[in-house]
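Colleague: The following block contains the structure, expressed as structure tokens.
The values are calculated or read from the model by the stated rules, or taken from the named source; none is laboratory data. Values in this document were obtained by computation on a predicted structure and should not be read as measured data. Here Cβ is always computed from backbone atoms with ideal geometry, including for glycine, and neighbour counts include all displayed protein chains.
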Amino acid sequence: MSGSIFAGTVSPPASAPTPASANEAVPLDQRGNPAANQADAWFDNYRFRDGETLPRLKLHYATLGTPHRNAQGAIDNAVLVLHWTGADGRTLLGPTYTKALFDPGRPLDANRYYLIFPDNVGHGQSSKPSDGLKAKFPNYDYGDIVDLQHKLVTQTLGIQHLHAILGMSMGGMNAWQWAEAYPDMMDGVMPVVSLPITVSGRNLLWRRMVIDAIRSDPDWKSGNYTQTPGGWVDGFRILRMMIDSAPALQHEIPDGAAADKFLATTRFQAEHVDPNDILYSLKSSFDYDPEPGLSRIKTRLYALNFSDDEFNPDTLQVLERLVPTLQRGRYTVQQGTPSSPGHFTMTRPDLWAQHVGDFMQWLGDSPSQAGASSAASVQSSSGS
């Protein structure tokens with residue numbers, strides 16, 4: 001079982017019904033980018049933060065573009081691009097992201113930047129429970145994910161300073177962690193659809209509900225299932241209701257027939273995601289809590305959220321409350337529309353690429369051909 005839980009990368013066969021859902025508006029796929037270089041980093045006897053070890057840990061990654069070296073010989077154009085829960089670098093290297101962000105003239109033009117796309121532990125082609133250990137796989141958390149990203153950048157690629165970090169959802173949460181753990185190691189970070197607070201409220205409840213639905217299903221068999229537990233299918237549907245915006249679902253599922261199609265496709269998609277992999281990735285978020293360490297952030301930080309994101313509801317006013325406490329922080333809450341897919345808007349970079357352009361200009365880069373939105377669209381809480 002494989003695929004991206006949040007991205008709609010697992011598509012039903014032509015004979016299967018398809019829902020009138022946000023997935024139809026998100027043409028993500030995993031065709032990848034032929035210009036990207038694929039590689040693996042290996043770490044022997046890797047020790048996780050809780051003391052568990054893995055004899056040989058693989059971290060798969062891809063790079064796009066060419067490293068540029070300054071007068072001192074150090075790479076100075078590296079940008080780390082971080083995926084969300086259940087996704088991997090293949091999703092970010094698909095046509096949707098490439099056309100919006102990495103093509104010539106776009107904000108992260110691969111002719112200009114050296115782009116790094118890791119598959120986080122537990123995801124994609126990196127070491128994960130479904131490789132064979134199943135429920136005996138070490139219990140990694142977000143701290144372990146960031147530790148491995150850092151090892152990849154510094155040890156494998158030999159980069160001591162990043163120009164920027166761009167992360168979506170879980171990747172955005174990792175970006176907040178990077179800014180705290182390595183405050184002098186990057187020129188700026190851009191967390192998208194994430195908040196700098198502990199996983200709590202509805203964000204915690206839906207994760208716990210999905211985990212409980214998997215573990216309480218008799219077919220789970222303590223992780224040694226031979227068929228997809230029905231509890232995971234139900235849990236996935238809870239997740240999908242949370243991740244799509246209420247207005248979008250109201251528009252796209254107007255009647256029982258549309259609901260039937262939605263349920264048929266979500267079942268198909270759930271059956272192509274490994275429940276152990278998703279269980280591990282969900283529970284890995286429970287240690288996340290950057291709020292107490294926000295004062296350590298020195299780098300430029302530009303947070304982007306969407307007003308119709310049900311995972312990180314703007315009604316909580318978290319960015320409005322916390323970003324002004326940063327030394328150099330800015331944020332934008334982009335207004336949703338009746339058809340924008342809430343948290344899923346992260347999978348439509350064409351809708352927010354201009355903010356990436358703003359961010360890169362804030363770091364001192366000249367504007368790309370893609371242009372940038374006006375400064376008035378960015379709410380700034382500090383100076384330069």
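Colleague: Condition first: crowded, with 19+ Cβ neighbours inside 10 Å and modelled with pLDDT under 95. Now tell me which residues in the stretch 283-309 satisfy that.
Modeller: Answer for the stretch 283-309, where residues must be crowded, with 19+ Cβ neighbours inside 10 Å and modelled with pLDDT under 95: D308, D309.
Colleague: Of all residues in the stretch 322-370, how many are closer than 12 Å to D308 by Cβ, polar (S, T, N, Q) and part of a loop (DSSP other than H, G, I, E, B)?
Modeller: 4
Colleague: Is it the case, given these coordinates, that T63 is among the β-branched types (V, I, T), closer than 13 Å to G32 by Cβ and in contact with a Pro (Cβ under 8 Å, 6 or more places away or on another chain)?
Modeller: Judged against the criteria, T63 is not a match.
Colleague: Being in a helix (DSSP H, G or I) and more than 25 Å from the chain's Cα centre (by Cα) is the filter; apply it to the stretch 251-282 and report the residue that is surrounded by the most Cβ atoms within 10 Å (Cβ to Cβ).
Modeller: K261
Colleague: Got a number for residues in the stretch 304-321 being in contact with a His (Cβ under 9 Å, 6 or more places away or on another chain) and in a loop (DSSP other than H, G, I, E, B)?
Modeller: 5
Colleague: Looking at R90, R49, R106, which one is at pLDDT below 95 and either buried (at least 23 other Cβ atoms within 10 Å of the Cβ) or in contact with a helix residue (DSSP H, G or I) (Cβ under 8 Å, 6 or more places away or on another chain) (or both)?
Modeller: Answer to the check: R90.
Colleague: Quick one: how many residues across the stretch 98-126 are among the small types (G, A, S) and within 22 Å of I159 (Cβ to Cβ)?
Modeller: Adding up the residues that qualify gives 3.
Colleague: Do you know which residues across the stretch 57-84 are farther than 17 Å from G364 by Cα, out of contact with any Leu (no Cβ under 7 Å at 6 or more places or on another chain) and assigned to a loop (DSSP other than H, G, I, E, B)?
Modeller: Of everything in the stretch 57-84, those that are farther than 17 Å from G364 by Cα, out of contact with any Leu (no Cβ under 7 Å at 6 or more places or on another chain) and assigned to a loop (DSSP other than H, G, I, E, B) turn out to be T66, P67, A71, Q72, G73, A74, W84.
Colleague: Given the criterion in contact (Cβ under 8 Å) with a residue 60 or more places away in the chain and over 26 Å from S169 (Cα atoms), identify the matching residue among A246, A258.
Modeller: Working: A246 fails: over 26 Å from S169 (Cα atoms).
Result: A258 is the single residue among A246, A258 that is in contact (Cβ under 8 Å) with a residue 60 or more places away in the chain and over 26 Å from S169 (Cα atoms).
Colleague: Scan the stretch 186-222 residue by residue and report those that are surrounded by fewer than 18 Cβ atoms within 10 Å (Cβ to Cβ) and over 16 Å from S285 (Cβ atoms).
Modeller: R215, S216, P218, D219, K221, S222 - these are the residues of the stretch 186-222 that are surrounded by fewer than 18 Cβ atoms within 10 Å (Cβ to Cβ) and over 16 Å from S285 (Cβ atoms).
Colleague: Please enumerate the residues belonging to the stretch 283-314 that are in contact with a Ser or Thr (Cβ under 7 Å, 6 or more places away or on another chain) and either without any contact (Cβ under 8 Å) to a residue 12 or more places away in the chain or closer than 22 Å to V121 by Cβ (or both).
Modeller: Hits for the stretch 283-314 are Y288, D289.
Colleague: Within the stretch 203-211, is there a residue that is under 27 Å from the mean Cα position of the chain (by Cα), part of a loop (DSSP other than H, G, I, E, B) and at negative phi?
Modeller: no
Colleague: Can you run down the residue pairs with Cβ atoms below 8 Å, 6 or more apart or on separate chains, where the first is in the stretch 32-58 and closer than 17 Å to V146 by Cβ and the partner is among the hydrophobic types (A, V, I, L, M, F, W, C) and loosely packed, with under 14 Cβ neighbours inside 10 Å?
Modeller: L57/W42
Colleague: In the stretch 221-232, how many residues are free of Cβ contacts under 8 Å to residues at least 12 places away in the same chain and hydroxyl-bearing (S, T, Y)?
Modeller: Going residue by residue through the stretch 221-232, those that are free of Cβ contacts under 8 Å to residues at least 12 places away in the same chain are 221, 226-227.
Right, trim to hydroxyl-bearing (S, T, Y) and you get 226.
Matching residues across the stretch 221-232 total 1.
Colleague: Restricting attention to the stretch 128-159, which residues are farther than 16 Å from S285 by Cβ and polar (S, T, N, Q)?
Modeller: Within the stretch 128-159, S130, T154, Q155, T156 meet the criteria.
Colleague: Checking A248 against (1) buried (at least 19 other Cβ atoms within 10 Å of the Cβ); (2) modelled with pLDDT of 90 or more; (3) of a type in the set (G, A, S); (4) more than 24 Å from I145 (Cα to Cα), which single condition isn't satisfied?
Modeller: Unmet for A248, out of (1) buried (at least 19 other Cβ atoms within 10 Å of the Cβ); (2) modelled with pLDDT of 90 or more; (3) of a type in the set (G, A, S); (4) more than 24 Å from I145 (Cα to Cα): (2).
Colleague: Return the pairs, sorted by first residue and then second, in which the second residue is part of a loop (DSSP other than H, G, I, E, B) and surrounded by fewer than 19 Cβ atoms within 10 Å (Cβ to Cβ), the first residue lies in the stretch 197-220 and is polar (S, T, N, Q), the beta carbons are less than 6 Å apart, and the residues are 6+ apart or on different chains.
Modeller: The qualifying pairs are T198/D289.
Colleague: Here's a follow-up. For G158, indicate whether it is buried (at least 24 other Cβ atoms within 10 Å of the Cβ), modelled with pLDDT of 95 or more and over 30 Å from Q317 (Cβ atoms).
Modeller: Spelling it out, it is not the case that G158 is buried (at least 24 other Cβ atoms within 10 Å of the Cβ), modelled with pLDDT of 95 or more and over 30 Å from Q317 (Cβ atoms).
Colleague: For G235, which of the numbered conditions (1) surrounded by 19 or more Cβ atoms within 10 Å (Cβ to Cβ); (2) touching a residue at least 40 places away in the same chain (Cβ under 8 Å); (3) within 25 Å of D88 (Cα to Cα); (4) of a type outside the set (D, E) fails to hold?
Modeller: Failing condition for G235: (2).
Colleague: Continuing with the same structure: Within the stretch 329-348, can one find any residue that is closer than 30 Å to L249 by Cβ, touching a Gly at 6+ places or on another chain (Cβ under 7 Å), surrounded by fewer than 23 Cβ atoms within 10 Å (Cβ to Cβ) and at pLDDT 95 or above?
Modeller: No; the residues of the stretch 329-348 include none that is closer than 30 Å to L249 by Cβ, touching a Gly at 6+ places or on another chain (Cβ under 7 Å), surrounded by fewer than 23 Cβ atoms within 10 Å (Cβ to Cβ) and at pLDDT 95 or above.
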